[in-house]
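A short worksheet on the structure shown next.
The values are calculated or read from the model by the stated rules, or taken from the named source; none is laboratory data. Not measured: the values here are computed from a predicted model. Neighbour counts are summed over all protein chains in view; Cβ atoms, including those assigned to glycine, are modelled from backbone coordinates with ideal geometry. The area values use the complete protein model at the heavy-atom level, side chains included, leaving out ligands, DNA and RNA. Shrake-Rupley method; radii C 1.70, N 1.55, O 1.52, S 1.80 Å.
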Amino acid sequence: MTRTRFAQHKIFRFATAFLAGLSLLSMTGCAWTSKIFTLSGPQSTMLTEGPVAKAQWGLFMITVYVTTFIFIVVGAVLAYAQIKFRAKDANAEKSEPPPQGHGNPMIEIGLIAASVALLVIIAVPTVRDIWYTHDVPEAEKADAIDINATGYQWWFKFEYPSEMVKLPTGGEAPLVTGNELVVPAGRPIRVHLRTIDVIHSFWIPKLAGKVDMMPNRANFLWFKADRPGYFYGQCAEYCGESHAIMKFRVIALAQADYDKWLANQKQPARTVTAQTAAAEIPRIQFANYKVNDGRALAGSPEFDANPFAAWQKLQVPAAENAALIATGRKLFQEKTCVSCHTVRGHEGMGITGPDLTRVGSRSTIAAGVLENTPERLAQWLHDPAHFKPGNKMYFGGYMVQSPDGSWKPNFTLNDTEIDALVAYLHSLK
Ligand code: CUA
């Protein structure tokens, strides 16, 4: 086959057409094509927003460069040998092969030396980044904040051991939140990883990851968000039927806003009366931030376009119905929600499920799966097992198991009761 005929070969033409198509698509600027080409989803590990993720990405790219170099060199030698020593006609196919070599010390030593050199190129930054990503650098230790993160089937508990809150029963305990970790931007955060049941894994693709939450083992990781933003996190170790939807969020705020958020969180749960409902003054005012791109699962258009702004909006109470909220608070006791959830300052003191003292100010429910709108919360309360298979609010709350192993309803919720519960939960800001 001559060189021109090779160029006209089917595979060659197909490859050219494919590449031309790809470049055309990338030039159209469609949202989905740009997403494919830049891999810019909310959990992209390429668009890093913190030093730990940047170090991990940089190391990955060094490996890519070295392996690409090897691929090109080996591929070129292979192509050269195939073209140069190919059978040029029917006679050549039957002829003796060219003289064969058996061992060439120079080539063998050269290949070993080249392999060692390439491994060293990968090993040096690997060892450097293992040290760097292991723990907060010495110079920044004084500025670090410690957080305890605990994995549950299937949600995350976050505890702030340095932020003690007064308990209504007397004494104090660390501030606890669920599924949304709020941190100050620009400061190192050391997350102590624990689990209450099986192995989970803690991963915030744009900031850091991933480290397992192991039973009986004290793992930790650290990260820092370069600027305020709304980041997506995900359990990254198979942990049961709802593993894939065991998500969380990290919300990084400027230090001043973080302090405001913290002060509000430390207050007991909000109680809405007819007066406060009529004349509620927004208590937290946040600065305007630039948005980091990101999409939510089945969120409203506003939430999808800008989850961070949606989160900020939720920190401030909207129009409220005090009577409905009071009914909801009563139902929260009667339907035994209180035995699994804490609402600090109100009746709830359970620790099996997420702390709900400020659930109305979180942008998601059901461990990051649903946007926290009244409609979604109502759907969730109506049928939690639909959104989160196997979840323990349904199996253990709504349904209880008899000694013979069968499941029987423990309580039911009608639409009026759900409306009241939604009003109550959303008043907890
Ligand atoms: Cu928890 Cu997967």
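Brief remarks follow.
- Solvent-accessible surface ranking, highest first, for E140, E180 at 1.4 angstrom: E140, E180
- Among the protein heavy atoms of the chain, carbon and sulfur supply 64% of the accessible surface, probe 1.4 Å, non-protein parts ignored.
- Relative contact order (percent, whole number), the chain, Cα cutoff 8 Å, 6+ residue spacing: 14
- Accessible area expressed per residue, the stretch 319-418, with surrounding protein chains retained (probe 1.4 Å, Å²): 47
- Helices in the chain, meaning DSSP H runs of at least 4 residues, each add -39500 (n - 2.57). Divided by all residues, the mean residue ellipticity at 222 nm is -12500 deg cm²/dmol.
- For the stretch 111-238, the relative contact order works out to 22 percent when only alpha carbon pairs closer than 8 Å and six or more residues apart are counted.
- Couplings 3J(HN,Hα) for the stretch 131-137, derived from phi with the Karplus relation 6.51 cos²θ - 1.76 cosθ + 1.60 (θ = phi - 60°), are 5, 5, 7, 5, 8, 3, x Hz, where x marks Gly and Pro.
- Dipole size of the stretch 180-274 about its Cα centre, with +1 on Lys/Arg Cβ and -1 on Asp/Glu Cβ: approximately 300 debye, rounded to the nearest 20.
- Straight-distance candidates among the lysines for linking to K10, with alpha-carbon spacing under 26 Å and chain neighbours fewer than 8 residues away dropped: K84, K88.
- Note on the stretch 101-260: Cα-only Rg and Dmax are 21.2, 86 Å.
- Estimated D of the stretch 36-118 in µm² per second, where Rh is the Kirkwood radius over Cα pairs and Stokes-Einstein applies at 37 °C, 0.692 mPa s: 189
- Note on the chain: with a GNM built from Cα contacts shorter than 10 Å, the maximum mean-square fluctuation among Q312, Q82, Q379 falls on Q82.
- Separation of alpha-carbon centers, the stretch 311-356 and the stretch 392-424, rounded to whole Å: 16
- Electrostatic dipole magnitude of the chain [Cβ: Lys, Arg +1; Asp, Glu -1; Cα centre; debye, to 20]: 1000
- A Gaussian network model of the chain, with springs between Cα atoms under 10 Å, assigns the largest mean-square fluctuation among T126, T342, T177 to T126.
- With kT/(6 pi eta Rh) evaluated at 25 °C and eta = 0.890 mPa s, and Rh the Kirkwood radius from Cα pairs, the chain diffuses with a coefficient of 96 µm²/s according to Stokes-Einstein.
- Rg ratio for the stretch 79-170: its Cα radius of gyration over 2.2 N^0.38 Å, N being its residue count, equals 2.54.
- Computed on protein heavy atoms with a 1.4 Å probe, the accessible areas place S201, S162 in the order S162, S201, largest first.
- When Rg and Dmax are taken over the Cα atoms of the stretch 299-429, they come to 14.9, 50 Å.
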